[in-house]
């Protein structure tokens, strides 16, 4: 029910990001979503890729601090107002959102969200008819 | 298991009588054979026959590392060089190496105390002792080797380096005892994990670790990762090498082999003896060495001592696990800080060995401390909020333990240098 995301700890040093993408490219990994949360000292890179386990092993081997995190991924049809509607459903169950980011997927909009209760979030969205993104392999284009 | 019951379980009254006699002989030997000591003793108006009791120790002159450097290489030898059958030297971090000169009898004494140390660890002739201390001028390798040979164990002189090969040998030769530095033991464990080797594939049951201070938490981590009982051995080139003191299987302090090495704990500032149980600087007088005996040598190691009888039956004084060195100690904004304190805090918060580095600097005439901590499973979160909270928690714990505030910086794995010998934990930029 939940989507596997990769989270990396990166210091604010030149070349770290390109190093990550180099490793992914060498291992033929396709990136579906890519987001960075930054502070003055470091950043947390969050990614959805098409071969999560392969990417995890390859990055770990190169010495990166990379871990898997479970998040909720769901699809919204590409029209104004749909994200607002989805978030309203979540507000109604008093969910706390840790972070959220969105990306294009098959002509629609896909959203990744991490909350204080991922299971409840996923179930709620499902009950309102949202399609959940669960397998990372679907991000093969 | 006790190698030499007569010596190790001697009644303290008898031991003191023995020490009194040996101290007198030692002072005579130094007075008549070593010009450096004769001069010092004469300056204080002391003649050998004046010294009859260990209670008079505090009236005798101390010896410091600089004295060894000033008399490099053989100025402190008490025998002609023709009687010196072995030379060792320790690298030291500054200046000239520290030399050790041994007569044939000294080598026997050395083997004897290492034999005692191995037995104290529960090691006997059935064991396969894997020596990963460096062989060569360093006393670690050959020191353990001789003692292991004496008890009739199967000795593997692996020396240091080439970790993957060492693991292969350990596996194929069935090593049961590992002797190396505690940092190297953890490095071996890390490498085992990397190559996918499980500790149950090895036959290790005991570890004899020394040559650097290590915390209780580090011991637990080594025991857990390698599936062994890990024991602390103490020694230094100036005194003889490894085997000056050793933990018994009860892991309640290190027994000093007092019939050969007379210990004192002194206040490092006043140089007066402190009561049993109080922390101070460890000082040794060699009672039986012939080649290069030393009087009241300041080790710069900080610990405390007790003469309470141990459950193992040994009556020899025990030293508390070392708290660090007087020269490892940093003074930051007037407060004494030991890297081992930082290690304790981090180990409590982490499930795996923390890698950290203290960086001390002086900015605007104020000492500042920054501690780099490598991210690992315990020191990571996917959420900025949690990661910041973790950083603050580390900062708060460190402040309450050290007594001063430090900036905490999380860094990527493997950014902090690993070492196969003693780990470097401090960069003091103020010294430039």
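Points worth noting:
- Across all directions, the average projected area of the convex hull around the alpha carbons of the stretch B:1-326 is 15.9 nm².
- Whole-percent pair-distance distribution, where bins are 5 Å wide, for the alpha carbons of the stretch A:33-108: 3, 11, 19, 20, 18, 14, 9, 5, 1
- Full extension of the segment from residue B:267 to residue B:193, taken as 0.36 nm per residue of separation minus the current Cα-Cα distance, would add 22.3 nm.
- Computed with the Debye formula from one identical point scatterer per Cα of the stretch B:286-432, without solvent, the log10 of I(q)/I(0) at q = 0.12, 0.13, 0.18, 0.22 Å⁻¹ comes to -0.65, -0.73, -1.11, -1.44.
- Working note: Debye formula, equal point scatterers on the alpha-carbon atoms of the stretch B:109-214, no solvent; log10 I(q)/I(0) at q = 0.23 Å⁻¹ is -1.30.
- For the stretch B:128-180, projected area of the alpha-carbon convex hull averaged over all directions, nm²: 3.2 nm²
- When A:14, B:139, B:352, A:52 are sorted by how many other C-beta atoms sit within 10 angstrom of their C-beta, beginning with the fewest, the order is A:14, B:352, A:52, B:139.
- Within a Gaussian network of chain B (alpha carbon springs, distance under 10 Å), most fluctuating of B:364, B:162, B:126: B:364
- Distance-filtered residues of the stretch A:63-107 - backbone nitrogen under 11 Å, label point 7 angstrom along residue A:127 Cα→Cβ: A:93
- Debye equation applied to the C-alpha atoms of the stretch A:3-70, log10 I(q)/I(0) at 0.28 Å⁻¹: -1.47
- The stretch B:36-136: Rg to Rh, with Rh as the Kirkwood radius over Cα pairs: 1.05
- Two-decimal ratio, the protein assembly as shown, of alpha-carbon radius of gyration to 2.2 N^0.38 Å: 1.22
- Residues residue B:64 and residue B:362, FRET efficiency given R0 of 25 Å [Cβ-Cβ distance, rounded to 0.05]: 0.35
- Directionally averaged shadow of chain A, computed from the convex hull of its alpha-carbon atoms, nm²: 8.8 nm²
- The ellipsoid that matches the Cα gyration tensor of the stretch A:71-139 has semi-axes, each √(5λ) in whole angstrom, of 18, 14, 11, with the longest given first.
- Fully extending the segment from residue B:320 to residue B:20 would add 105.5 nm, taking 0.36 nm per residue of separation and subtracting the current Cα-Cα distance.
- Efficiency of FRET between residue A:117 and residue B:430 - r from beta-carbon atoms, R0 45 angstrom, step 0.05: 0.35
- Between helix A:82-92 and chain A: long-axis angle, C-alpha atoms, 0 to 90°, nearest 10: 80 degrees
- With each label modelled as a point 7 angstrom along the Cα→C-beta vector, the residue B:42-residue B:13 pair spans 4.1 nm.
- The length gained on full extension between residue B:386 and residue B:200, counted as 0.36 nm times the residue separation minus their Cα-Cα distance, comes to 63.3 nm.
- Taking B:415, B:311, B:103, A:111 and counting other C-beta atoms within 10 Å, the order from fewest to most: B:311, B:415, B:103, A:111
- Two-site FRET efficiency, residue B:169 against residue B:105, from Cβ-Cβ distance with R₀ of 45 Å, rounded to 0.05: 0.85
- Each label point was placed 7 Å from the Cα along the Cα-to-Cβ direction; for residue A:134 and residue A:88 their separation is 2.8 nm.
- Here the spin labels are modelled as points 7 Å beyond Cα on the Cα-Cβ line, and at residue B:33 and residue B:306 they lie 3.7 nm apart.
- Ranking of B:206, B:86 by neighbouring Cβ atoms within 10 Å, starting from the fewest: B:86, B:206.
Each reported figure results from applying straightforward, stated rules to the coordinates on display, with no laboratory input. Keep in mind that what you see is a predicted model, and the values were worked out from it rather than measured. A quick note on method: Cβ atoms are made from the backbone with ideal geometry, for glycine too, and the neighbour counts reach across all protein chains shown.
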